[in-house]
Amino acid sequence: MKIVFITSLFGTGRGNLPGRFKRIDGHDYFLFSDQEQEDFDTDWDVYNISDNPKLSNINGNIRKSRYAKFMGWELLDSMGVYYDCIYYCDVHWSPRADVDWTHVSNTFISEPYPFLQTKHHVCHKYGISFECSLILSNGRDSKDNIAKTLLFFVTKFPEISLAAGQYFENTMFGYFPNPEVKKITRDFWRIYNEYDITYRDQPLWNLLLLQWKFTPQTKPRLRGKFERSGKYGDHKYVKH
């Protein structure tokens, strides 16, 4: 099985940094960025994609970083490299080298919706509207942006309960890029890129999971299979 790990980082304003970690022979490790390999002290292979046409009309480094995060399969396809299973993690994390990733991948490859995530330990009970309140209380986005997001959700998706008890976090996830996974990630990217909503990606992603009636796999648990190896910066709200 051909496996790749990807992460992304645009800009340096928030203080995020990748770190050093042990790689596994036979797997690939891509960091997609607007910077070069020599700009980091890391074991990721850095690819500068700042001239990618998909990013030309995107304002803000956070939004740019989401392209590799959710459309990594498309980015890899454009590079002429293809993988059976793709894992994403935020840039201050890295995959552990003592994990049998082929075994992990084989546990959810046969699922109708082969997307592996972790339940959000708080919001899984209370839903989208609750996380939007946490985003505000933690200073992760502005009151105006969250208000516009919630209005967009209730206007465009009136059938979806924003208090539905299903919620998954996007710090790390894995997937097989089958047609169903590609459809929902394309839908996410279209809405995220075209509409004036929060740059936080979890609310929209979880809304689309509900709309598409997709439930990600949660076993095996991913959280213990990655480790913090880099620096987590200041994520208080800054207008982007």
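Could you put M79, M1, M172 in order, starting from the residue whose Cβ has the fewest other Cβ atoms within 10 Å?
Values: M79 11, M1 14, M172 21.
In increasing order of surrounding Cβ atoms, one gets M79, M1, M172.
Using alpha carbon centroids, what distance separates segment 104-139 and segment 142-207, in Å? Value for the Cα centre distance between the two parts: 11 Å. Extension gain, T155 to Q211, is 18.8 nm, computed as 0.36 nm per intervening residue step minus the present C-alpha separation.
Between D43 and S133, the modelled label-to-label distance comes to 4.2 nm, taking each label 7 Å out from Cα in the direction of the beta carbon.
Sorted from largest to smallest, which semi-axis lengths in Å does the alpha carbon gyration tensor of segment 1-61 give for its equivalent ellipsoid, taking the root of 5 times each eigenvalue? List each step's numbers first, then the result.
Numbers: eigenvalues 99, 46, 16 Å².
After scaling each eigenvalue by five and taking roots: 22, 15, 9 Å.
Around the amide H of E227, modelled in the peptide plane, lie the amide H atoms of S94, R96, all under 5 Å away and 5 or more residues distant in sequence or on another chain. In a reduced charge model with +1 at each Lys and Arg Cβ and -1 at each Asp and Glu Cβ, the chain shows a dipole moment near 840 debye about its Cα centre. A straight chain from K2 to D196 at 0.36 nm per residue would run longer than the Cα-Cα distance by 66.1 nm.
In the chain, helices alone account for a calculated mean residue ellipticity at 222 nm of -9500 deg cm²/dmol, with every DSSP H run of four or more residues adding -39,500 (n - 2.57).
In µm²/s, what is D for the chain at 10 °C and 1.306 mPa s, where D = kT/(6 pi eta Rh) by Stokes-Einstein and Rh is the Kirkwood radius from Cα pairs? Mind showing how you got there, number by number?
Values: Rh = 18.3 Å.
In µm²/s, the coefficient is 87.
Remark on segment 79-141: Rg and Dmax equal 16.2, 43 Å (Cα only).
With loop defined by DSSP as not H, G, I, E or B, and exposure as at most 16 other Cβ atoms within 10 Å, which is the longest segment of the chain clear of exposed chymotrypsin sites (Phe, Trp or Tyr not before Pro)?
On the way: sites that count: Y82, Y195, F214, Y232, Y237.
So the longest stretch without any such site is 83-194.
Greater than 18 Å separation of Cα atoms is the criterion. Which listed pairs, K69/K182; K69/K183; K64/K225, meet it? In this structure, K64/K225 lie more than 18 Å apart at Cα.
A straight Cα-to-Cα reach below 18 Å connects K148 with the lysines K156, K239, residues fewer than 8 places away in its own chain not being considered. Per residue, the convex hull around the alpha carbon atoms of segment 172-240 comes to 128 Å³.
Each value in this text was obtained by applying a stated rule to the coordinates, not by laboratory testing. Treat the numbers as computed from the prediction; the structure is a model and nothing was measured. Cβ: placed from backbone, ideal geometry, glycine included. Neighbour counts: every protein chain shown.
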